[in-house]
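The values are calculated or read from the model by the stated rules, or taken from the named source; none is laboratory data. If you're wondering where the values come from, they're calculated on a predicted model, not measured in any experiment. Quick reminder, even Gly has a Cβ in these numbers, built from the backbone with ideal geometry, and neighbours come from all protein chains shown.
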Amino acid sequence: MFSTVCHCRDCQRASGSGGVPVLGVARSSFVSRGPIKQVRTKGGSGHAAVRNFCMECGSLLYGTPESAPELVTIYAGTLDDPADFHPHDAIFVAHRPAWAKLAMELVEHSEFPGT
Ligand SMILES: [Zn+2]
């Protein structure tokens, strides 16, 4: 559905970085196997953002935002081959620290596109 680098404060806190490469897929097409730990936090929308971690290694794998129940957000660094990820744009760049500026040129949106 989308591929972006998100610099919202929730993604920064979740990753401990300035932004997260993330792709969105339809929840109806998504299957997760193996034990997952879920942590609920308040997302930028004001709704709960649910973070899903691998219970064996602790990696943050994907998000299931309650503001968009049809959506799963997969953190591109956890893909078998992260080189398969090609971000389309960067969002919430108004919240991006100067040290997290991207090396590649992307269309940038100050907040969420369209807001
Ligand atoms: Zn975000």
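Structure data summary
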read-out: First in the stretch 83-106 and closer than 21 Å to residue 43 by Cβ, second anywhere and assigned to a helix (DSSP H, G or I) and not hydrophobic (A, V, I, L, M, F, W, C), Cβ under 7 Å, 6 or more apart; value: 95/9
read-out: Any hit, the stretch 26-36, residues being in contact with a Pro (Cβ under 9 Å, 6 or more places away or on another chain), within 19 Å of residue 82 (Cβ to Cβ) and not in a helix (DSSP H, G or I); value: no
read-out: Residue among 50, 5 that alone is modelled with pLDDT of 95 or more, aliphatic (A, V, I, L, M) and not in a loop (DSSP other than H, G, I, E, B); value: 5
read-out: Candidate set from the stretch 16-57 (those that are touching a residue at least 40 places away in the same chain (Cβ under 8 Å) and surrounded by fewer than 17 Cβ atoms within 10 Å (Cβ to Cβ)); member that is farthest from residue 101 (Cα to Cα); value: 28
read-out: Output for the stretch 94-106, where each listed residue is among the hydrophobic types (A, V, I, L, M, F, W, C), under 22 Å from residue 68 (Cβ atoms) and surrounded by 12 or more Cβ atoms within 10 Å (Cβ to Cβ); value: 106
read-out: The stretch 57-76, residues that are more than 12 Å from the ligand (Cβ to nearest atom), modelled with pLDDT of 95 or more and either assigned to a helix (DSSP H, G or I) or not hydrophobic (A, V, I, L, M, F, W, C) (or both); value: 62, 70, 76
read-out: Among the candidates 93, 25, residue that is within 14 Å of the ligand (Cβ to nearest atom) and not small (Gly, Ala, Ser); value: 93
